[in-house]
1. Return the percentage of antiparallel bridges among DSSP beta bridges fully within the chain, rounded to the nearest 5 %.
2. Find out how many positive minus negative residues lie around E163, taking Lys and Arg as positive, Asp and Glu as negative, among other residues whose Cβ is under 13 Å from that of E163.
3. Can you give me the convex hull volume of the Cα atoms of the stretch 93-143, divided per residue and expressed in Å³?
4. Could you tell me which of I129, I201, L116 has its Cα farthest along the dipole of the stretch 91-218 towards the positive end, charges placed at Cβ (Lys, Arg +1; Asp, Glu -1), taken about the Cα centre?
5. Exposed loop trypsin sites (Lys or Arg not before Pro) only (DSSP loop, at most 15 other Cβ atoms within 10 Å): please give the longest stretch of the chain free of them, not including the sites.
6. Just going by the charge dipole of the chain, with Lys and Arg at +1 and Asp and Glu at -1 on Cβ, which of G151, V27, G40 is farthest out on the positive end?
7. Do the alpha carbons of any pairs in K117/K195; K117/K211; K176/K211; K117/K176 sit beyond 21 Å of each other, and which pairs?
8. Within a Cβ distance under 10 Å of R132, other residues only, what is the Lys/Arg minus Asp/Glu net charge?
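The numbers here are math on the coordinates, done by the rules we state, and not lab data. This one's a predicted model, so the numbers in the text were calculated from it and none came from an experiment. Here the Cβ is made from the backbone with ideal geometry for all residues, glycine too, and neighbour counts use every protein chain on show.
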Amino acid sequence: MSGPWLLDAFCGVGGATKGYQHAGFRVLGVDIEPQPEYCGDDFIHSDAVTFIAEHGHEFDVIHASPPCQAGCTLTSGTNAGRKYPQLIPTTREALIGTGRPWVIENVPGAPIRQDLKRCGDMFPGLSVIRHRYFELLGFEVPQPDHQRHRGRVSGMRHGQWFEGPYFAVYGNGGGKGTVAQWRQAMGVDWTWNRKSIAEAIPPAYSEYIGKYLIEACS
């Protein structure tokens with residue numbers, strides 16, 4: 001496969017990877033956890049920040065999705081008092097050192113510059129809201145309008161099932177939809193692992209970014 005070489009750091013099962021592949025990139029993923037279902041062109045089991053610092057300059061561009069439980073609204077509300085590592089500053093420092101264009105993706109509340117916001121409602125076929133922000137360096141991506149959401153999230157509330165156009169793709173609690181519904185809602189069709197799907201971003205998000213990023217690599 002030809003195309004610019006992209007590093008997907010903290011890749012997980014490869015939600016971002018799949019979108020960048022659709023945009024024309026070859027993708028190597030790196031993650032500190034084994035990822036037997038990773039969908040990219042190659043995978044390295046390693047600490048992502050260390051790998052960026054040592055090898056990031058070898059790639060045309062880098063995407064990083066460092067865990068950010070410290071900034072996540074759900075975590076801060078339900079697990080107040082717990083300490084979580086904040087990997088975004090060290091990730092950003094390593095990315096800057098590469099001299100390459102890069103993307104940091106994270107949740108609302110994370111300490112990143114909000115250059116771009118993505119929502120599932122911006123993409124036909126997705127059935128998830130899943131707001132995510134992106135900090136960009138070395139290129140620009142236009143921000144589409146964020147229209148009003150079409151209804152509520154399907155699921156159990158106080159013993160009652162509510163219908164809606166979206167599914168809540170997170171957590172292990174009941175009443176949030178089946179794995180098959182999560183796969184469809186996210187556009188993640190290569191794994192049946194609920195945790196892996198919950199930790200991914202819809203590939204449509206990174207495919208949109210990748211169409212502009214690949215121009216910056218040409």
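1. Here the share of antiparallel DSSP bridges comes out near 40 percent.
2. Every neighbour counted, the sum reads +3.
3. Per residue, the Cα convex hull of the stretch 93-143 comes to 86 Å³.
4. Selected residue: I129.
5. Here the longest run is 1-81.
6. Farthest towards the positive end: G151.
7. K117/K195; K176/K211; K117/K176
8. That sum, taken over residues with Cβ under 10 Å, equals +2.
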